[in-house]
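Working notes, structure below.
The values are calculated or read from the model by the stated rules, or taken from the named source; none is laboratory data. Every value quoted in this text rests on a predicted model; they were computed, and no experiment measured them. We place every Cβ from the backbone using ideal geometry, glycine too, and count neighbours over all the protein chains shown.
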Amino acid sequence: MPQFENYAPYSTGFDTTEAVNALFRKVYQFMAIGLILTALAAYFTASSAFMINMLYTSRAPMLIIAVAEIGLVIWLGAGINKLSPEGARNIFFVYSILNGILCSSVLLVYTGESVSKAFLSTAGMFGAMSIYGLYTKRDLTGMGGFLRMGLFGLIIAMVINLFMGSSTMELYISIFGIIIFMGLTAYDTAKIKAIADSYGNDEAMTGKIAVLGALSLYLDFVNIFLYLLRMFGKHRD
């Protein structure tokens, strides 16, 4: 997950309200486009017999896509200062498409009604937490370390359950995952706002930060959606 620690807030001496609003318009716009690209890629992949046969008869294609996704995130995070805003945006959009291909199994495993309900529930939960992160006067900085520890513990629990195959443990993992990524939604939103306060007069930098912010919130949204689906989704017959 991309981090913003390299962009430390500093005093700019000007009214940043307009800058914050402008940045968040870009963040949510990029995020929305990313989600649309993911949904379209997942739909077309799940609707294509050729793609299904290519992706699901061997583990290699999915593994290659997963590695490519990790590479894109690393490239975007490590090279953000060298990339142009347009280049950073395009990397994020390519990542969104690849993630849609990777998540196409969701449409094959769960009913359309379950997917729709999970998406709407995610939108409501994500919206509430992002609004909280944007407008709260509380300092959410301390949440970052706690949430990252929780995320690390979540990954360990998921690996352990790959061998145990416990449905009870899977339920707890899903609950814990939803809580962690709801917290990250508020934290990431507050962090983006703090950065906007710092770099609001730097158009090139805010363009890049908008992409990083969109990616962070996109990942929060997708993970909440997937964990909700694992908890409440109905499998196809």
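Quick notes
- When residues of the range 77-109 are limited to those that are crowded, with 20+ Cβ neighbours inside 10 Å and of a type in the set (Phe, Trp, Tyr), the one farthest from residue 65 (Cα to Cα): 92
This table checks each residue for (1) under 16 Å from residue 219 (Cα atoms); (2) loosely packed, with under 14 Cβ neighbours inside 10 Å; (3) of a type outside the set (S, T, N, Q).
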site	(1), (2), (3)
148	yes, no, yes
155	yes, yes, yes
168	no, yes, no
185	yes, no, no
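Yes or no, residue by residue, for (1) touching a Phe, Trp or Tyr at 6+ places or on another chain (Cβ under 9 Å); (2) under 23 Å from residue 176 (Cβ atoms); (3) touching a residue at least 24 places away in the same chain (Cβ under 8 Å):
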residue	(1), (2), (3)
43	no, no, yes
57	no, no, no
78	no, no, no
117	yes, yes, yes
145	no, yes, no
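- Of the residues 153, 71, the single one that is assigned to a helix (DSSP H, G or I), closer than 22 Å to residue 27 by Cα and modelled with pLDDT of 90 or more is 71.
- Taking the conditions (1) under 26 Å from residue 209 (Cβ atoms); (2) without any contact (Cβ under 8 Å) to a residue 40 or more places away in the chain in turn, residue 187 satisfies each one other than (2).
- Just one of the listed residues (116, 174) is assigned to a helix (DSSP H, G or I) and buried (at least 16 other Cβ atoms within 10 Å of the Cβ), and it is 174.
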